[in-house]
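Working notes, structure below.
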Amino acid sequence: QRHVQRANKEFLVLRGTPALIQEDLEENNGPGEESQQTEQALEAAKPRRQLSCVGTSFEAARHIFKVANHYFSKSLAHFLLDGWVTEHVRILQEISQMYRTMQFWERDPKRSAAMLTRRARMLSPLLDVINPKVYVAFWKQMCFEMAEVYQELYELKANGKMPGGPLRSLLEEEDDEALVDTKKAAQCNNLARNSAAFYRKFVDSYHPDGKVPDRIDDDNIRGYLVARLNHARLSTKLQGVS
């Protein structure tokens, strides 16, 4: 409790005085709506303070994360997976999204990769214990999120944003041949295969009895197509040696 109080105090100091937000007024109104629009304009013209939960810097966002993570961790101790499946899964999804939000502020690729790995370790075990036929929405959401996590890890590793440099180092600028680090290639291939496997699970959840349906409903067609395209794209990124 003292730790949370310190975090709150530090956040309030970092936040400073909340900024006043002035909303723009709409001027495209008809002549018959003058009295109504005047009242609405006066209401909109009132300045309002920025919410305290909005972090405008990395330090402020980090303190919000710490406080939220503290209470989420306490709630997990109560909402156990055995008996509180829906609540337990939702809490872990919220924590995962907090890590995803923190990545926006993170500039260190190694720390960013650690956040992605943390998310994978939180969500991956759930797919082994929940029933995909009972918790259909949760199953699809977590499969897609896990696929994105491994895809982002692949990009960090393959593009040299992790310690150790890029996967391929050109021998000469004019030479088309590239020297491939076999160890890194194996690591990248493993990440790509994991991502593709989760995309495949997501896609297969739309295939009853293993058959591709004639049509996917409009609400799910975008996610379905993105998953299939990313699955194909990852297949072309598997690394080999010359």
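The values are calculated or read from the model by the stated rules, or taken from the named source; none is laboratory data. Remember, it's a predicted structure, so these values are computed and weren't measured experimentally. Every residue, glycine among them, receives a Cβ derived from its backbone with ideal geometry; neighbour counts consider all protein chains shown. Heads up: the accessible areas ignore ligands, DNA and RNA and are worked out on the full protein's heavy atoms, side chains in. Shrake-Rupley method; radii C 1.70, N 1.55, O 1.52, S 1.80 Å.
Listed by chain and number, the lysines whose alpha-carbon sits under 23 Å from that of K9, ignoring those within fewer than 8 places in the same chain, are K66, K74.
Distant-in-sequence amide contacts of Q239, defined by a placed amide H-H separation under 5 Å and a gap of 5 or more residues or a different chain, comprise N189. For the range 232-239, backbone phi angles converted through the Karplus equation (6.51, -1.76, 1.60; θ = phi - 60°) give residue-by-residue couplings of 5, 5, 5, 5, 7, 9, 5, 8 Hz, Gly and Pro being listed as x.
Annotation: amide H of W84 has no partner in the under-5 Å range at sequence separation 5 or more or interchain, hydrogens built in the peptide plane.
Which net charge results for the neighbourhood of E145, defined as the other residues with beta-carbon distances under 11 angstrom from its beta-carbon, given Lys and Arg at +1 and Asp and Glu at -1? Intermediate results must be reported in sequence, preceding the final value.
Numbers: positive: R100, R119, K140; negative: E148, E152.
Net local charge, E145 excluded: +1.
Using 0.36 nm per residue and subtracting the Cα-Cα separation, the extra length available between F58 and R121 on full extension is 20.3 nm.
Using the Cβ-Cβ distance between V13 and L238 with R0 = 45 Å, the FRET efficiency computed as 1/(1 + (r/R0)^6) comes to roughly 0.35. Cross-link partners for K183 among the lysines, with Cα-Cα distance under 29 Å and sequence neighbours closer than 8 places in the same chain left out: K110, K157, K161, K201, K237.
Determine the shape class of the range 63-114: with a ≥ b ≥ c the square roots of the Cα gyration tensor eigenvalues, call it rounded for a/c under 1.5, and otherwise prolate if a/b is greater than b/c, oblate otherwise. In terms of gyration-tensor shape, prolate. Within the full protein context, the accessible area of D181 is estimated at about 60 Å² for a probe radius of 1.4 Å.
Per residue, the accessible area of the range 108-147 comes to 51 Å² when a 1.4 Å probe rolls over the protein heavy atoms.
Residues in the range 218-227 carry Karplus couplings, in order, of 4, 5, 10, 5, 5, x, 5, 5, 4, 4 Hz; the curve used is 6.51 cos²θ - 1.76 cosθ + 1.60 with θ = phi - 60°, and Gly or Pro positions show x.
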